[in-house]
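All remarks here apply to the structure that follows.
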Amino acid sequence: MFDLRCIKCNAYYPPEERIYTCPKCGGLLEVVLEIDKITVTKKELDSRWMGVWKYREFMPVSETARIITLTEGGTPLHVVSNLREDFRVKELYVKNEGANPTGSFKDRGMTLGVTKALELGASAVACASTGNTSASLAAFAAVARLSCIVLLPTGKTAMGKLSQAILHGAKVIAIEGNFDDALELVRQACDEMNIYLLNSVNPWRLEGQKSLGFEIVDQLNWDVPDRIIVPVGNCGNSSAIWKGLKEFHAHGFIDKMPKITGIQAEGAAPVVHAYRDGLDDVIPVENPETIATAIRIGAPVSAPKTLQAVRESGGVMEAVSDEEILAAQRLLAKREGIGIEPASASTIAGLKKLLESGEIDRDERVVCVATGHALKDPEIIIKSSPAPITCEADIEKLKKVVAQLL
Ligand code: F0G
């Protein structure tokens, strides 16, 4: 029913092979589904609960697989009318992935990835992470009773994410280096120590992340938005959304495709540079830096997939500054009551910038993907905001302070 295919040399491999890249040419792998064998209808889908497994027929695991789930997906697609008015754009939505069980979109990939790890007979799983991947893997590995090792860049992982990885029982190793160093190390360790790798270079994980794209069109009553804006780090999410929507298109569920638009932070924007220079892969950025630590990545492994998705769809890549990111985070929180982490806010900042430059038309229907919850990184909120006013425990003094605030 499904195979692995190298996107570079087109070699095919059976699904039982425990490989992450092409053994022949080193290219990225993708899962190929036999879409013409899928018979599920929209009507049938309408009768099911929201969530990743609503789209079971598009999820390549065996009929008898023991599915490890935390009831992920089914996140709100907010109509953000205040922001729409501020930005003077026709239709605007925020897909709130912070509502997932561990507070980020990673759960969509991990339900598939950890289910696959069990299918392949793994007893230990591992990842390198800027934080969210480790939090998610730790939770799913706990349910599956798998040993879990996570490598995090020392001092650069947001507190919420680190505490989740610890809480769910992962063995946390702080690497004296950045995410790119950690990823290189974990890939080698997994190869040499028979541990199953669950970074997004793992093609099975991306199959779960496809559901983000599925849900957006499903929630819009199968009406495809003009544009989906995503934050880009290691390039898993943007390429997974595109792959999923291509499958929906091939199956006849949708008749047009959205423009995939990727946003990076200025200090960590190798994909934006590659896009502008017409390259098929990135030239790594040494020492990437941004307050959006989730996307503080200089050498994204799946960049060729994202570059292809953005170009094929007629989208664009843009970079935004840390100041723009923080301003966008505050704007969404204050205008719409939705708290998202800085990496997610890059999409709002990117939308603003691209509307101002005329790259995005004000007549478009736009969906911004908010990938993670604000509480993932409370420190950045405190650090970038004025300190709370202090007051003695005295009613007269309190009344004076409050009067000044009204
Ligand atoms: N937004 C958030 C909140 C993330 O945590 C990440 C990636 C991205 C966006 C970018 O997605 O890598 O698929 O392009 N976080 C990874 C991690 C790298 O380790 O948690 P991507």
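Numbers at a glance
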| item | result |
| --- | --- |
| Charge dipole (debye, nearest 20) of the chain; +1 at Cβ of Lys and Arg, -1 at Cβ of Asp and Glu | 660 debye |
| Unpaired by the 4.7 Å Cβ criterion, cysteines found in the chain | CYS127, CYS148, CYS190, CYS235, CYS368, CYS391 |
| Given charges at Cβ of Lys, Arg, Asp, Glu: the chain dipole, positive-most of MET110, TYR13, GLN308 | MET110 |
| Distance in nm between pseudo-label sites at GLU359 and ASP191 (7 Å out along the Cβ direction from Cα) | 3.5 nm |
| For LYS259, distant residues with modelled amide H under 5 Å away | ARG227, ILE228 |
| For LYS54, LYS106, LYS397, order by how many other beta-carbon atoms lie within 10 Å, fewest first | LYS397, LYS54, LYS106 |
| Rounded tilt (10° steps) of 395-405 against the dominant C-alpha axis of the chain | 70 degrees |
| Mean projected area (nm²) of the alpha-carbon convex hull when region 312-395 is viewed from all directions | 7.7 nm² |
| Other-chain or far-sequence residues with amide H under 5 Å of ILE340's (modelled H) | ALA374 |
| Built amide H within the under 5 Å cut-off of LYS90, gap 5+ | ASP363, GLU364 |
| Distant alpha-carbon pairs in region 254-406 (separation over 24 angstrom), percent | 43 percent |
| Fluctuation leader among LEU245, LEU326, LEU33 - the chain, Gaussian network, Cα springs under 10 angstrom | LEU33 |
| By average C-beta atoms within 10 angstrom, highest first, the peptides 229-237, 273-281 | 229-237, 273-281 |
| Spatial extent of region 266-344: Rg and Dmax, with the Cα atoms as the point set, Å | 13.8, 39 |
| At 1.306 mPa s and 10 °C, Stokes diffusion of region 1-48 via Kirkwood alpha-carbon radius, µm² per second | 129 µm²/s |
| Rh by Kirkwood over Cα pairs, then Stokes-Einstein D for region 59-202 at 1.306 mPa s and 10 °C, µm²/s | 99 µm²/s |
| Cβ-derived FRET efficiency at R0 35 Å, LYS399 paired with MET159, nearest 0.05 | 0.50 |
| Estimated [θ] at 222 nm from DSSP helical runs (n ≥ 4, -39500 (n - 2.57)) normalised by residues in the chain, nearest 500 | -12000 deg cm²/dmol |
| Contour excess over end-to-end distance, with Cα ends at ASP86 and SER385 and 0.36 nm allotted per residue | 105.4 nm |
| Square roots of five times the Cα gyration tensor eigenvalues for region 1-127, Å | 32, 19, 17 |
| With Cα atoms, 0 to 90° folded angle of helix 303-313 axis to the chain main axis | 80 degrees |
| Of ILE325, THR347, THR69, farthest towards positive along the dipole that unit charges on Lys, Arg, Asp, Glu beta carbons give the chain | THR69 |
| Listed residue pairs exceeding 25 Å between alpha carbons, taken from LYS54/LYS116; LYS156/LYS259; LYS54/LYS352; LYS95/LYS259; LYS43/LYS210 | LYS156/LYS259; LYS54/LYS352 |
| C-alpha long axis of helix 342-356 to longest principal axis of the chain, angle in ° | 80 degrees |
| Viscosity 0.692 mPa s, temperature 37 °C, Stokes-Einstein D of the chain from Kirkwood C-alpha radius, µm²/s | 153 µm²/s |
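Rule-based calculations on the coordinates, nothing more; no lab input. This is a predicted model, so every value here is computed, not measured. Here Cβ is always computed from backbone atoms with ideal geometry, including for glycine, and neighbour counts include all displayed protein chains.
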